[in-house]
Amino acid sequence: MIEVRDLHFTYPTGVEALRGINLTVRDGEFLAIMGQNGAGKTTLVKHFNGLLKPTAGEVVIDGVSTRDASVAQIARNVGFVFQNPDHQLFCETVEEEVAFALRNFGFKETAIKNRVDWALNLLDIKRYRETSPFMLSGGERKRVALASVLAWDPKVVILDEPTIGQDHRQKEKLRQFIVQLNAQKKTVIVVTHDVEFVAESNPQVMLMSGGEIVAEGDAREILTDQKLVAQASIVSPEITQILSGLPDLGIQKNVIDVHEATSILLDLLEVAS
Amino acid sequence: MSMFEGFRFRRVSSVVHLLDPRAKFFFVCVLFITAILNSKLPPLILLFFVPLPFVLMAGVQREWIRSMRGALFFAFIIFLFNFLFTYLYTEYPQVPSAPLLERSIAMTLRFLVLVESFSVFFLTTSPDHLGLALEQSHIPYEFCFAFTTAVRFVPVLAEEAQTIMDAQKARGLELERGNFLKRVRNYIPILIPLIVGAIRRSLELAEAMESRAWGASEKRTNLYVLKLKRNDYLLVLISVLMLILAVYVWLYIPIPSLTILLSF
Ligand SMILES: Nc1ncnc2c1ncn2[C@@H]1O[C@H](COP(=O)(O)OP(=O)(O)O)[C@@H](O)[C@H]1O
Ligand SMILES: [Mg+2]
């Protein structure tokens, strides 16, 4: 469980990036943090594994304040996948890359081998075992980065902008993977402003703006609230916009899911004919 | 990375900022030469205080202090090596003798003077000014461009290094762990992505420049032209006097070390 109490953070440059965040992320929760660029999303999640320490307030993970533990200690339970895989890949082979963190955490060689196998399978990159990570495509590099974090099986997985710069197929694959992670009882925290991603995965949503939380709720509640959505500089999913643009036909309008919208519209057609 | 911070230009204006980069650079070079010519502690201590008025006039104390703090690590290494190797390979007497200690401190201070003066130069000179100054010194435009681009990218690289460091720490890398060799090796996971990224970025930059017809015209002119003003001549004059003094002292006046001075 992650508990954030009245968290303030100011960068050495004087930028006040977080202004009083209160939040609890329970075990097994699936949370999406949304908001415009510079809202403080990355700054907030960097507090969850101790990369940043609060200027004021507290972040407590499973009863331990992040002030009292090293990043490596916290990271054992809280995996963090950075936005750009190029910021972490450095080994000669994909296998080495995935084993890197395991070595840091002091796993035994046999355990390392098993876990590397497991992670490579999980992300379907087994055939690249001996390949240099630098030779892979963007989507594949992202998966190597993901494998290198999941390999040590952290309880909590944080993903910063996982869908940026990926083609549609990669994105959908990644989305299903993330949903599945959560289904396997992992706490998943995703930072994103990809509205379609959120609409299709249906997590809890937290909206941030100017270093503060402006709204919390389930995806449908947040994404169909035009005022909130505008405040956070995102747009509702297209399907929501279409439905809310229709005249009053007595149909449900707070819809974010394409399939649900389709059945509503089909019902409407049947009634009409 | 805090040492790089000390070289990051911020757009403010002061007497020092308005000085011609050529005059400032000359001054820094004279400081540099003077520091190299002196190996005794007393003049180096004196030299250390020479750039301070400029730091204060430019109002860049905070950045300057940060860069000096960043240099401390390297200063420590230089001190250690000087101390060890002078002890092992020269006839300096037994450890820990005062002259040996003084020599090591002097060498360290020499390094600090160099960092200090260049830091003041870069903190108060905009990359644009610097490029202009180079061009007007008849250095080929290609070199000027390469130089200003390099300077401009230092803060970008510093920021990237920070992100990479965070990413590797999140994978359990502990930079501070292990003996000296291990600690140096700990930096490999940071250096490789940083270098690969820098190479990739430079290739992209080259393509972007060529697609915008870089180097298409033979003769370039500039909108702004640098001209030496009164303050600049003053600084050059001071620098020349300092240089003459330094060379004169170096040639004809043996400076006693602090240990000898104190033993009187
Ligand atoms: N390393 C840093 N140093 C100084 N300011 C920073 C740094 N990183 C981010 N900021 C500032 O903090 C604010 C929040 O940034 P960030 O958390 O990255 O936002 P988001 O991830 O929501 O786009 C922004 O104003 C940004 O400019
Ligand atoms: Mg961000």
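Read the figures in this text as sums done on the coordinates, not as results from a lab. Since we're looking at a predicted model, the values are computed, not measured. Cβ sites come from the backbone with ideal geometry, for glycine too, and all protein chains shown count toward neighbours.
Find out how many positive minus negative residues lie around B:Ser39, taking Lys and Arg as positive, Asp and Glu as negative, among other residues whose Cβ is under 13 Å from that of B:Ser39.
Result for the local shell: +2.
Within chain B, the selection of entire DSSP H helices by a Cα span of 20 Å or greater along the long axis and an average Kyte-Doolittle value of at least 0.5 returns B:21-37, B:61-89, B:98-123, B:188-210, B:230-252. Using a simple spin-label model with pseudo-atoms 7 Å out from Cα toward Cβ, B:Arg177 and B:Ala206 lie 3.9 nm apart. The value for the protein assembly as shown of Rg(Cα) / (2.2 N^0.38 Å) is 1.23. Please give the net charge around B:Pro140, taking every other residue with its beta carbon less than 13 angstrom from that of B:Pro140, where Lys and Arg add +1 and Asp and Glu add -1. Counting the neighbours of B:Pro140, the net charge comes to -1. The angle separating the long axis of helix A:94-104 from the principal Cα axis of greatest extent in chain A is about 70 degrees. Between A:Ile251 and B:Ala198, the C-beta separation translates, for a Förster distance of 51 Å, into a calculated FRET efficiency of about 0.40. Peptide B:188-194 is shielded by partner chain Cβ atoms: per residue, an average of 4 of them sit within 10 Å of its Cβ.
What shape does the range A:138-259 have by the C-alpha gyration tensor, where a ≥ b ≥ c are the square roots of the eigenvalues, rounded means a/c under 1.5, and otherwise prolate means a/b greater than b/c and oblate the rest? Prolate, because a/c is 1.5 or more and a/b exceeds b/c. Across the options B:Ile65, B:Phe121, B:Phe147, the greatest Cα extent toward the positive end of the charge dipole of chain B (unit charges at beta carbon of Lys, Arg, Asp, Glu) belongs to B:Ile65.
Here chain B is described by how far its Cα atoms reach on the three principal axes: 68, 57, 32 Å, from widest to narrowest.
With q set to 0.17, 0.21 Å⁻¹, the log10 of I(q)/I(0) for the range B:140-227, from the Debye formula over equal scatterers at the Cα positions, is -0.84, -1.07. Averaged over peptide A:70-76, the number of partner chain Cβ atoms lying within 10 Å of each residue's Cβ comes to 4.
Projecting the Cα atoms of B:Ile164, B:Ser202, B:Cys29 onto the charge dipole of chain B, computed from C-beta unit charges around the Cα centre, puts B:Ile164 farthest toward the positive end.
May I ask you to compute the full-extension gain from B:Val154 to B:Phe76, defined as 0.36 nm times their residue separation minus their alpha-carbon distance, rounded to one decimal in nm?
The span from B:Val154 to B:Phe76 would gain 25.7 nm if fully extended.
Other protein chain C-beta atoms within 10 Å of residue C-beta, averaged over B:160-167: 5. Dipole magnitude for the range A:163-272: computed about the Cα centre from +1 point charges on Lys and Arg Cβ and -1 point charges on Asp and Glu Cβ, it is near 440 debye. Principal axis extents of the Cα atoms in the range A:1-154, from largest to smallest and rounded to whole angstrom, are 47, 31, 28.
Charge dipole (Cα centre; +1 on Lys/Arg Cβ, -1 on Asp/Glu Cβ; no other charges) of chain A amounts to roughly 860 debye. Estimated translational diffusion coefficient (Stokes-Einstein, Kirkwood radius over Cα pairs, 37 °C, 0.692 mPa s) of the range A:88-153: 291 µm² per second. Placing unit charges on each Cβ (+1 for Lys and Arg, -1 for Asp and Glu) gives the protein assembly as shown a dipole about its Cα centre, and among A:Leu223, B:Ser104, B:His17 the Cα reaching farthest toward its positive end belongs to B:Ser104. Against chain A, whose longest principal axis comes from its Cα atoms, helix A:258-272 is set at around 20 degrees.
For chain A, what is the calculated [θ] at 222 nm in deg cm²/dmol (nearest 500), taking -39500 (n - 2.57) for each run of four or more DSSP H residues and dividing by its residue count?
-11500 deg cm²/dmol
Exposure proxy for B:Tyr187, B:Tyr224, A:Tyr11: other Cβ atoms within 10 Å of each Cβ, ordered fewest to most, give B:Tyr224, A:Tyr11, B:Tyr187. For a label point 7 Å from the Cα of A:Lys185 along Cα→C-beta, name the residues of the range A:24-46 whose backbone N is under 19 Å from it. Within reach of a label on A:Lys185: A:25-31. In this simple spin-label model, placing a label point 7 Å from the Cα along the Cα-to-Cβ direction at both B:Tyr224 and B:Ser263 gives a separation of 5.5 nm.
By the compact-protein rule of thumb, 2.2 N^0.38 Å, the alpha-carbon radius of gyration of chain A corresponds to a ratio of 1.09.
Using the Cβ-Cβ distance between B:Val240 and B:Arg69 with R0 = 35 Å, the FRET efficiency computed as 1/(1 + (r/R0)^6) comes to roughly 0.60.
If neighbour count is taken as other Cβ atoms inside 10 Å, put A:Thr10, A:Thr66 in order from fewest to most.
Starting with the residue having the fewest Cβ neighbours, the order is A:Thr10, A:Thr66.
Highest mean packing comes first when the peptides A:185-193, A:213-221 are listed by Cβ atoms within 10 Å, giving A:185-193, A:213-221. Counting only Cβ charges, +1 for Lys and Arg and -1 for Asp and Glu, the dipole size of the protein assembly as shown around its Cα centre is about 2040 debye. Panel order for A:Val144, A:Val195, A:Val98, by other beta carbons found within 10 Å of each beta carbon, from fewest to most: A:Val195, A:Val144, A:Val98.
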